[in-house]
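Student: Take a look at the following structure, please.
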Amino acid sequence: MSRIASTFTALKAQNRKALIPYVTAGFPYADITPEMMHGMVAGGADVIELGVPFSDPSADGPVIQKAGDQALALGIGLVQVLEMVRLFRQKDGNTPVVLMGYANPIEAYDLKRGKNAFVRDASSAGVDGVLVVDYPPEECEAFAATLRAHQMDLIFLLAPTSTATRMAQVAQVASGYVYYVSLKGVTGAGTLDLGAVEAMLPRIREHVSVPVGVGFGIRDAATAKAISRVADAVVIGSRIIQLIDGQPRAQVVPLVRDFLTGIRQALDSPARPGDSA
């Protein structure tokens, strides 16, 4: 069983939902990411999504694009991201880490270092899952199998526009969890429609047996709590990037930790009379 699967199993036994924060690796300071990851765990994170900077992030809105551009300017690429995970693992051997990014950096890594070098090195560094935005599920059987052989999960996005056929294709290869993008468009865009999420998740679960996380548009504790009533996990990314953008180095980790502490407390608080299910 992967570290991600073990985490979700333990949370389910406790009747708790997963908190999954996202941050772009190397933002806002090149060397701050491992420290920030520890701060996320201290704030209650159950899984950490670490964005791999890429020059053409087609699914990301302006907030995360800007963070990626800054990280690239600081010299952060996939090699550096794997080293960040290694440094994090020196003190934390339990919290799952998922790399989120695009096909190009992975394929360039393998082109330079040999077939399956990325999977080998990611496993060695302590990565638990990979979400490759532009890898369609019907072309990922071999990649998913290689990851599973190294105790890593391949995670996929689903969207409001996903058809039953697409959900079934994802179900064939996904493990760990699936990430439901609650909004049409890019990250950080629009306002989350809780009713639409509530309607969509049962449709997803007809096809997908792994936990379902929901992200895009979750910006505060109240929204996170509402989403947690129907989802297995809450994913927060753009709001964290906005929170730390331009902050002095000494303030970054406390800001992230304290923000997530508030979200964690909301997720763990009992439902109140009148709350929707």
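Student: Please identify the DSSP H helices in the chain that span no less than 24 Å along the helix axis (Cα) and have a mean Kyte-Doolittle hydropathy of 0.0 or more.
Tutor: Sorted by number, the helices that extend far enough and score high enough are 249-268.
Student: Of all alpha-carbon pairs in segment 60-206, indicate the percentage at a distance above 27 angstrom. Each step should come with its number before you reach the end.
Tutor: Details: 3046 of 10731 pairs.
Of all Cα-Cα distances in segment 60-206, 28 percent exceed 27 Å.
Student: So, one more: For the chain, modelled as a Gaussian network with Cα springs under 10 Å, which listed residue fluctuates most, Val79, Val256, Val47?
Tutor: Evaluated over the chain, the most mobile residue of the options is Val79.
Student: Let me ask something else. Hey, got a sec? Which trypsin sites (Lys or Arg not before Pro) in segment 32-94 land in a DSSP loop and have at most 14 other Cβ atoms within 10 Å? List each step's numbers first, then the result.
Tutor: Details: sites: Lys66, Arg86, Arg89, Lys91; in loops: Lys91.
Taking segment 32-94 and a limit of 14 other Cβ atoms within 10 Å, the loop trypsin sites (Lys or Arg not before Pro) found are Lys91.
Student: What per residue convex hull volume, in Å³, do the alpha-carbon atoms of the chain yield?
Tutor: 117 Å³
Student: On a full-extension model of 0.36 nm per residue, what is the gain between Lys12 and Ala222, subtracting their alpha-carbon distance, rounded to one decimal in nm?
Tutor: Working: separation 210, 0.36 × 210 = 75.60 nm, distance 2.12 nm.
That works out to 73.5 nm of additional length.
Student: Per q in 0.11, 0.16, 0.18, 0.23 Å⁻¹, report the Debye log10 I(q)/I(0) for segment 1-123, using one uniform scatterer on each alpha carbon and no solvent.
Tutor: Result of the Debye calculation: -0.39, -0.81, -1.00, -1.38.
Student: What is the fewest-to-most order of Tyr29, Tyr179 by other Cβ atoms lying within 10 Å of their Cβ?
Tutor: Fewest-to-most ranking of Tyr29, Tyr179: Tyr29, Tyr179.
Student: With a sphere of radius 14 Å drawn around the Cβ of Glu139, what net charge do the other residues whose Cβ falls strictly inside it have (Lys, Arg +1; Asp, Glu -1)?
Tutor: In short, -3.
Student: For segment 228-275, give the magnitude of the charge dipole about the Cα centre (Cβ charges: +1 Lys/Arg, -1 Asp/Glu; no others), in debye to the nearest 20.
Tutor: Here the size comes out at about 80 debye.
Student: Something else about it: For the residue pair Ser269 and Arg229, what label-to-label distance in nm results when each label sits 7 Å from Cα along the Cα-to-beta-carbon direction?
Tutor: Here the answer is 1.3 nm between the modelled labels.
Student: Can you put Asp268, Asp56 in order of Cβ neighbours within 10 angstrom, beginning with the fewest?
Tutor: Details: Asp268 15, Asp56 10.
In order of increasing Cβ crowding within 10 Å: Asp56, Asp268.
Student: Follow-up question, since we're still on this one. How long are the semi-axes of the equivalent ellipsoid of segment 128-225, taking √(5λ) for every eigenvalue λ of the Cα gyration tensor, in whole Å from largest down?
Tutor: With the √(5λ) rule applied to segment 128-225, the semi-axes are 24, 14, 12 Å.
Every read-out reported here was derived from the displayed coordinates using simple, explicitly stated rules and does not represent laboratory data. Keep in mind it's a predicted model, so treat the numbers as computed, not measured. Backbone-built Cβ (ideal geometry, glycine too); neighbour counts: all protein chains shown.
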